[in-house]
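Accompanying notes for the structure given below.
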Amino acid sequence: MSNNKPMPVATQISAPFWEGLKARRLLIQQCNACAHWNFYPRRHCPVCLEHDLAWREVDGAATLYSYTVTRIATLPDFMDEMPQKLAVVELAEGVRINTNLVGLEENEIEIGMSLQPVFAEVDAKGTRLLRFTGVDKDAAGLEPLPAQDSEPAPEQPPARQIDLNDGPALQSLVSEQYSDWSNVVVVDQALIDDFARLSGDDYWIHTDPEKARLQSPFGGTIAHGALVQVLQSRMKLALGFEISGFTTQINYGSDRLRFPAPVPAGSRIHSRARVKKVEILTRGTQLTLELNIHVVGQDRPSVINDLVILYMA
Ligand SMILES: [Zn+2]
């Protein structure tokens, strides 16, 4: 989950609503003069124009008024939430609220269905957004922030052992076929900021989400290509072989390094590889591994790296 999403900015008028959500309470304005319930928060009652509005806690019981499923992120930061179920729900008090449905499959969603509130935590500072789910769902289980850490690598079959002196076996590794995908790693803004500090490359296209949202062709910040490249170390590849019989293994560099597609902040990335070339040279045996890192779901790679590994007997 991205920590680079636009967060609510409370105004003097709306602050009680946002503070209420932080405390897992749903507060809605009601007019003391005519009893009309009011949402969004306003300065005066839209029915009788009185300014005498009170914040009252409601239980959030609601029905689904309308919804749509979006499959293309409106900002790159939301790619991890696709498909999003955007909805208008009607509280028992009669007000309608724009929100997201969570914890519901598309085939479970029906206009008029009963809903309950989910006080969804969206950052480490305790900011919560009001979302809704079905009344038969575990609303509390849908509240916490999704895990930020890498997902575990899938179980892999035992690797084929190949001796460095077995030239034909080494040559047989060369293939046009890529391996299975690695585990997934999240590239969030905190990681990009860390890399900016470490490398000294703090160009705004990487580090200034507000400016990037307005001015960058990518609609938000993107990770440094060099950062995405080194994150390969966090992605476990399922190559299906293991080479033995060497004393030293050296990263000899790269024959080709390209960054064909951007990695927006908040993206989930994974990688795959193939053995491109095996050369038996006097200094040792050189294996060229073509590593491709992709944003999950994207055909175009974000990194192509023809990595050269030198094995010395
Ligand atoms: Zn009123």
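The Cα trace of the stretch 153-259 gives Rg and Dmax of 18.9, 57 Å, the first to one decimal, the second as a whole number. Within the same chain, lysines fewer than 8 places from K277 are excluded, and of the rest, those with a Cα less than 29 Å from its Cα are K236. The alpha carbon centroids of the stretch 47-119 and the stretch 287-306 are separated by 38 Å.
Counting other Cβ atoms within 10 Å, which trypsin sites (Lys or Arg not before Pro) in the stretch 274-313 have at most 16 and lie in a DSSP loop? Taking the stretch 274-313 and a limit of 16 other Cβ atoms within 10 Å, the loop trypsin sites (Lys or Arg not before Pro) found are R283. The spread of Cα positions in the chain, taken along each principal axis and listed from longest to shortest, comes to 92, 42, 27 Å. Pairs of Cα atoms nearer than 8 Å and 6+ residues apart set the relative contact order; for the stretch 160-312 it is 29 percent. Quick one: net charge of L239's neighbours, Cβ under 13 Å, K/R +1, D/E -1? In short, +2.
Based on the alpha-carbon gyration tensor of the stretch 21-119 and its eigenvalue square roots a ≥ b ≥ c, which shape applies: rounded if a/c is under 1.5, prolate if not and a/b is larger than b/c, or oblate? Taking the square roots of the gyration eigenvalues as a ≥ b ≥ c, the stretch 21-119 is prolate. The phi-based Karplus calculation (6.51 cos²θ - 1.76 cosθ + 1.60; θ = phi - 60°) puts the 3J(HN,Hα) values of the stretch 62-70 at 8, 10, 7, 8, 7, 7, 8, 9, 9 Hz, whole numbers, x for Gly and Pro.
Approximating the spin labels as points 7 Å out from Cα along Cα→Cβ, the T248-to-N165 distance works out to 2.1 nm.
Close amide-amide hydrogen proximity is noted between N183 and K236, each under 5 Å apart and 5 or more residues distant or on a separate chain (H modeled in the peptide plane; Pro and chain starts excluded).
For the stretch 44-126, the list of trypsin sites (Lys or Arg not before Pro) that fall in a loop by DSSP and count at most 16 other C-beta atoms within 10 angstrom reads R71, K125.
No solvent, one uniform scatterer per C-alpha: report log10 I(q)/I(0) for the stretch 31-187 via the Debye equation at q = 0.10, 0.18 1/Å, two decimals. Reported log10 I(q)/I(0), two decimals: -0.57, -1.18.
Compactness of the stretch 226-313 is given as radius of gyration and Dmax, 14.1, 45 Å, from Cα positions.
Just so you know, all these numbers are worked out from the coordinates, no wet-lab data involved. Since this is a predicted model, take the numbers as computed values, not measurements. Glycine also receives a Cβ, built like all others from the backbone with ideal geometry; neighbour counts cover every protein chain displayed.
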